[in-house]
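Encoded as structure tokens, the structure appears first; notes follow it.
Any read-out appearing in this document is the output of simple, stated calculations on the displayed coordinates, not a laboratory observation. Bear in mind that the values here come from a model prediction, so they are computed numbers and not experimental data. Glycine also receives a Cβ, built like all others from the backbone with ideal geometry; neighbour counts cover every protein chain displayed.
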Amino acid sequence: MLSRGKAAEALEWARGVLERLGLTLSEQKTSIRDARQERFDFLGYSFGPHFSKRTGWEYLGYSPSKKRVKRIREKVAEHLKPSNVAPWEEVRDRLNQKLKGWKAYFDEHVEERVRNFLRRRHY
């Protein structure tokens, strides 16, 4: 839940509403953060201050969380192991399925892995 300066009150209100519904907030997963000052992770993304690579200026934004980045990199590496002897077209199509929605963030990493995969096959 996002609020403008009234986070503690919003949290108490949410607890009250959930309690009336017979639900509770997870104390381990619930915290109050100032998104203008620090990042927080939610549903696979990190929200908060970011810096533009183009201008160097700070802005409030989002990016994939480090945990999510690590997981997709592991999936790409697993798929492009030398032991994968499937035809290239099948490897490519399956890889494209895995990367749907992530291409913009991992373009360079995937291109390098594919280049190495194909280079190993050539020898």
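What is the angle, in °, between the Cα long axis of helix 7-20 and the longest principal axis of the Cα atoms in the chain? Nearest 10 is fine, range 0 to 90.
Helix 7-20 sits roughly 90 degrees off the main axis of the chain.
Output the relative contact order of the chain, whole-number percent, from Cα pairs under 8 angstrom with separation of 6+ residues.
It comes to 13 percent, rounded to a whole number.
Quick one: putting +1 on the C-beta of Lys and Arg, -1 on the C-beta of Asp and Glu, what dipole do you get for the chain around its Cα centre, in Debye to the nearest 20? It would help to have the intermediate numbers written out before the result.
On the way: 28 positive and 17 negative charges, 94 e Å.
Computed charge dipole of the chain: roughly 460 debye.
May I ask you to order 54-61, 67-74 by the average number of other C-beta atoms within 10 Å around their residues, highest value first?
67-74, 54-61
Given R₀ = 41 Å, what would the calculated FRET efficiency be for Glu58 paired with Glu27, taking r from the Cβ atoms and rounding to 0.05?
Working: r = 31 Å, r/R0 = 0.77.
Efficiency computed from Cβ-Cβ geometry: 0.85.
Could you tell me what % of all Cα pairs in the stretch 1-99 have separations over 21 Å?
Details: 2795 of 4851 pairs.
Every Cα pair in the stretch 1-99 considered, those over 21 Å come to 58 percent.
Which entries in the list Lys6/Lys67; Lys67/Lys98; Lys6/Lys66; Lys29/Lys100 go over 19 Å, if you measure between the two C-alpha atoms of each?
Lys6/Lys67; Lys6/Lys66; Lys29/Lys100
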